[in-house]
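The values are calculated or read from the model by the stated rules, or taken from the named source; none is laboratory data. Not measured: the values here are computed from a predicted model. Neighbour counts are summed over all protein chains in view; Cβ atoms, including those assigned to glycine, are modelled from backbone coordinates with ideal geometry. These accessible areas exclude ligands, DNA and RNA; they are computed on the full protein's heavy atoms, side chains included. Shrake-Rupley method; radii C 1.70, N 1.55, O 1.52, S 1.80 Å.
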Amino acid sequence: MPDRAGTDQLLRDAAAAISAGDWRGAETALLTCLERRAEDVSLAYNLALVEKRLGKPAQAEQRLARLLATAPDHANARFEYAASLMDRGAETDALGAFETYLAAVPDDPDARLNAARLCLRLGRGKAAAVHLELAESVRPGDPAIRLGRAETARDLGEVDEARNLFGALYWDAPGLRPEILKAMSQGARGRLPLDRRRLG
């Protein structure tokens with residue numbers, strides 16, 4: 001039978017390593033803990049996060065998939081799994097995973113924003129608009145959500161609305177200006193004319 005005191009020490013070591021940003025140390029401690037507590041979903045979840053930090057996205061995604069097979073209601077793991085799918089370009093699967101997550105956690109604006117971005121990539125502008133409206137009701141004025149609304153208007157062919165949204169955001173969120181200009185010039189239905197008099 002595993003030594004409980006030794007396992008508790010490993011957990012403390014993992015926590016200290018995570019706090020210090022020592023991802024390799026955290027990985028080692030968590031792997032050893034999982035050998036002793038194979039069914040502990042919290043350990044598996046935290047190890048997947050560490051694996052992401054270590055640049056092992058495929059390994060993290062596989063671990064999250066296994067975790068969800070045994071604990072399908074683990075909301076944080078569902079979000080991270082959906083994000084992993086999104087990161088590697090599995091857009092349809094990622095959207096499905098975010099929608100499953102949102103069925104349980106409907107008021108998460110980050111998940112709504114990610115779902116909206118995926119809808120835009122998949123040519124589903126109206127669905128994106130619904131996700132963004134719900135996201136904005138939770139986090140009004142958020143620049144990333146406003147950018148999503150502008151991109152959605154662009155993709156739905158609402159040119160004047162898109163131009164107004166992009167223009168206002170250009171002044172309100174200077175840090176997003178490169179993304180705004182890129183979004184204006186790379187829409188799914190063509191680009192919006194870049195008018196320096198409107199943008200400054």
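Listing for the model above:
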quantity: In nm, spacing of pseudo-spin labels at residue 91 and residue 32 (7 Å Cα→C-beta vector); calculated: 4.5
quantity: Label selected from (i) 1.56; (ii) 1.10; (iii) 0.99, the criterion being Rg/Rh (Cα atoms, Kirkwood Rh) as computed here; calculated: (ii)
quantity: Sulfur and carbon atoms: percent of accessible area, region 1-104 [1.4 Å]; calculated: 50
quantity: Distance in nm between pseudo-label sites at residue 62 and residue 133 (7 Å out along the Cβ direction from Cα); calculated: 4.3
quantity: Residue-averaged 222 nm ellipticity for the chain, from DSSP H runs of 4+ at -39500 (n - 2.57), nearest 500; calculated: -24000 deg cm²/dmol
quantity: Total formal charge among the other residues, if their Cβ is under 9 angstrom from that of residue 54, Lys/Arg +1 and Asp/Glu -1; calculated: +2
quantity: C-alpha long axis of helix 41-53 to longest principal axis of the chain, angle in °; calculated: 60
quantity: 1.4 Å probe accessible area per residue over region 26-103, in Å²; calculated: 49
